[in-house]
Structure formats: structure tokens, C-alpha cells
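None of the figures in this text is laboratory data; all of them are computed from the coordinates on show. All figures in this text were calculated on a predicted structure; none of them were measured in a lab. All Cβ positions, glycine included, derive from the backbone under ideal geometry; neighbour counts span all protein chains shown.
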Amino acid sequence: MKGIVGTSTYIFSLFPKKISSRIKAIKLPREVKVRLKWIEHYQKTKNISKTCRYYGISRTTFYKWYKRYKKEGIEGLYDRPKTPRNKRKPTVRNKYKQVIIKVRKKHPT
């Protein structure tokens, strides 16, 4: 079945077996390079448990980063910000607004 676009052909065209050439060619943060090494080791061994044991990481961590890599490529291996996207604006009740205004007029800085 050579030449037919199937799952294996599609996966290998998206994720080549040798990632090390990409690691050296592009300037990447240290954390991203380490995560790429995890994925390359997995692609060599085809065993997630051995890869996780070798690098001393949990399988949950590996699956998280591998899923991001499959979905977004190398960009998915960057750390994401921990802060929420939408922050609530502080609100002050009307009765307290009047008190604050009086105190500020009494004691200007």
C-alpha cells in the first residue's frame, strides 16, 4: 500500500522521526528543547512508560506535552501564562464611593 495517504503516512509527514535536526537549527528555550527530546525518545522507543522512566517524568506530564505537540507543533511546547485570560475589574459599591470621596477630600495626599 505504498503511496496511499493513510494514518501512518500522515503522522510521519507531520512528525518526522528525527527532531534533533530541528532542535539544533532553531533557537529555542531550554524547556522546549527538553520536551522535544522527550518526544524524540518516545518516537525511537515507541514506549511511553520507558520514556517517562528514562527522563524521570510522569506519564500525565508526557501526555500533556505530547498532545500539545501533536496539535500545535513546536509552538505548543512553550510554557503558557498562568494568569487568567479575563480578569474581573474591581467594583466599589455606591455607599462606599461617597465615604471614600469624603475621606480623600478631608485628607488629600
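One table, with the values for the structure above:
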| quantity | calculated |
| --- | --- |
| Residue tally, condition among the β-branched types (Val, Ile, Thr) and part of a helix (DSSP H, G or I), over the range 61-95 | 2 |
| Qualifying positions in the range 24-39 - aliphatic (A, V, I, L, M) and either assigned to a helix (DSSP H, G or I) or touching a residue at least 60 places away in the same chain (Cβ under 8 Å) (or both) | Ala25, Val32, Val34, Leu36, Ile39 |
| Output for the range 40-60, where each listed residue is assigned to a loop (DSSP other than H, G, I, E, B) and surrounded by 14 or more Cβ atoms within 10 Å (Cβ to Cβ) | Ile57 |
| Single residue of the range 61-109 satisfying the filter (among the acidic types (Asp, Glu) and surrounded by 10 or more Cβ atoms within 10 Å (Cβ to Cβ)) that is farthest from Val34 (Cα to Cα) | Glu72 |
